[in-house]
Amino acid sequence: MALYRHEGTTPAAFTRVNARSATALGVAPEQYRHLLGMAPEHLTGDRFRTPAATNIRLWQLMVTQAPWTQVSLLMTEQSGLGDFGVWDYLLTSAPTPLDGLRDAAEYMAALGDAGTEEFRITEEDGLVVVSHANEADLTDDTAAAIRGYSLGLLRRRLSESLRRDVRPVRAALAARAPRDHRALVELYGTRAVEFEAPITSVAFAAAELRAANPHAQPGISTVLRAHAGQYLASAVPLHSWLDQFRDALRAALRATEGRGRPSLAEVARRMATSPRTLQRRLDEHGTTWRAELETCQGAQVLDLLRRTDLGLDAIAARSGYTDARALRRAVRRWSGRAPSTLRGGPGAAAGREAQETGEDGA
């Protein structure tokens, strides 16, 4: 069945929990109520989907009020069973916890932005490992808080499904070790928390997740999956002018792949406006052509690094950089890391050592 991804948006239910948590941390409503999707008519019910940028802003405000570890814990505490509608029940009503995790991963769009986020489930050495990948353009603390929360939410839902405390064997976070991670020990129910991992993940004993859920009702998962599809098909995404501009910019980058960068004039033509008006609208939204282009190129580079085994010269050519050296400098500037550390393609590890030698000399 084709799923409706609704890229760049999240369900209103998720926004409601974010706003509730931000208020609990002392964030003044005046700091976010002007954002698209925060109007009462958009937050009431689940018809509308909020721009991901609105939710990211709420998380940014939260991590200015408390350490990201505390934000992850608070968000999990604020996320009661049923707050996320059909997604919650897909996870908690399946024949086995593992079936529930697979349904939750398949219908990620019912919880968050399926364009930048996904749950990946693998089995290895008697463990079920659930990874949370988030490729949105986020600052370190904001990204760490969201990733930390995603794993805490899964543990909470698994515990609610089995009506007992489910504890992982270990948790691994793609974040720097905080000064104090007691909140994470409480969140995951284990002291086996690793930091600076390549990807955020949590590992459970496979036998525990494969066992039948004694509280599941036969056939309910089939009904819930059909409902999830109908819900996603009928949802109404809210898109701002800036969302539309970024869609046009991404399309222009794809069209000029291998031929350099698109010009502001090219994107203006796609939006049926003049370059002067486009620059003025960007200024009104507190951003610039240069900043938007670099962000969009950065996302494209990250995707190619993680998804393919292309060499740096090929990635540079496809994403609008003059050569591999320029690409390395750009990646270090906006991520603080070498390109090789961001690779995720199946054969990427084989060429990592050779690339790192080149990067050290760049």
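Between L36 and E7, take the C-beta separation as r, use R0 = 22 Å, and let me know the FRET efficiency to the nearest 0.05.
0.90
Averaged per residue, what accessible area in Å² does region 200-264 show with a 1.4 Å probe, protein chains only? Walk me through the intermediate numbers first.
Details: 3230 Å² over 65 residues.
On a per-residue basis, 50 Å².
Pick out which of H132, H285, H215 has the largest mean-square fluctuation in a Gaussian network model of the chain, springs linking Cα atoms closer than 10 Å.
Most flexible of the set in this elastic network: H285.
Using a probe of 1.4 angstrom, how much of the accessible area of the chain is carbon and sulfur, in percent?
Numbers: 8370 of 17070 Å².
Carbon-and-sulfur percentage of accessible area, whole number: 49.
Determine the distance separating the Cα centre of region 144-210 from the Cα centre of region 219-287; give it in Å without decimals.
For region 144-210 versus region 219-287, the Cα centre distance is 33 Å.
Once the Cα atoms of helix 68-78 and of the chain are each reduced to a long axis, what angle between those two axes, in degrees from 0 to 90 to the nearest 10, is obtained?
That helix lies at roughly 50 degrees to the long axis.
Within the chain, which is the longest segment that contains none of the trypsin sites (Lys or Arg not before Pro) sitting in a DSSP loop with at most 16 other Cβ atoms within 10 Å?
48-162
For the pair R307 and R210, what calculated FRET efficiency results from E = 1/(1 + (r/R0)^6), where r is the Cβ-Cβ distance and R0 = 35 Å, to the nearest 0.05?
On the way: r = 30 Å, r/R0 = 0.85.
About 0.70, to the nearest 0.05.
Before I look further, what does region 1-63 give for accessible area per residue, probe 1.4 Å, in whole square angstrom?
46 Å²
Let me have the 222 nm mean residue ellipticity of the chain computed from DSSP H runs of 4+ only, each contributing -39500 (n - 2.57), with the sum over all residues rounded to the nearest 500.
It comes out at -16500 deg cm²/dmol, rounded to the nearest 500.
Once the Cα atoms of helix 348-360 and of the chain are each reduced to a long axis, what angle between those two axes, in degrees from 0 to 90 to the nearest 10, is obtained?
Once rounded, the angle reads 50 degrees.
Can you pull the one-decimal nm distance between simple spin-label points at R164 and A265, each 7 Å off the Cα toward Cβ?
7.0 nm
Provide the FRET efficiency to the nearest 0.05 for the T190-Q279 pair, computing r from the beta carbons and using R0 = 51 Å.
0.50
Test of understanding: in a Gaussian network model of the chain with alpha carbons linked when under 10 Å, which of V223, V17, V128 would top the mean-square fluctuation ranking?
Ranking V223, V17, V128 by mean-square fluctuation puts V223 first.
Between Q244 and Q230, what is the spin-label point distance in nm, taking each point 7 Å from the Cα along the Cα→C-beta axis?
3.3 nm
Can you list the HN-Hα couplings for region 309-324, worked out from phi with the Karplus curve (6.51, -1.76, 1.60; θ = phi - 60°), rounded to whole Hz and with x for Gly and Pro?
10, 4, x, 5, 5, 5, 5, 4, 5, 6, 10, x, 9, 5, 6, 4
Per residue of region 49-63, in order, report the coupling 6.51 cos²θ - 1.76 cosθ + 1.60 (Karplus, θ = phi - 60°) as ³J(HN,Hα) in whole Hz, putting x for Gly and Pro.
Result, ordered by residue: 10, 7, x, 4, 4, 5, 5, 4, 4, 4, 5, 4, 5, 5, 6 Hz.
Pairing the Cα long axis of helix 241-255 with the longest principal axis of the chain, what angle in degrees results, from 0 to 90 and rounded to the nearest 10?
That works out to roughly 70 degrees.
The values are calculated or read from the model by the stated rules, or taken from the named source; none is laboratory data. Predicted model only: the values in this text are computed from it and were never measured. Backbone-built Cβ (ideal geometry, glycine too); neighbour counts: all protein chains shown. Note: accessible area is taken over every heavy atom of the protein model, side chains too, but ligands, DNA and RNA are not part of it. Shrake-Rupley method; radii C 1.70, N 1.55, O 1.52, S 1.80 Å.
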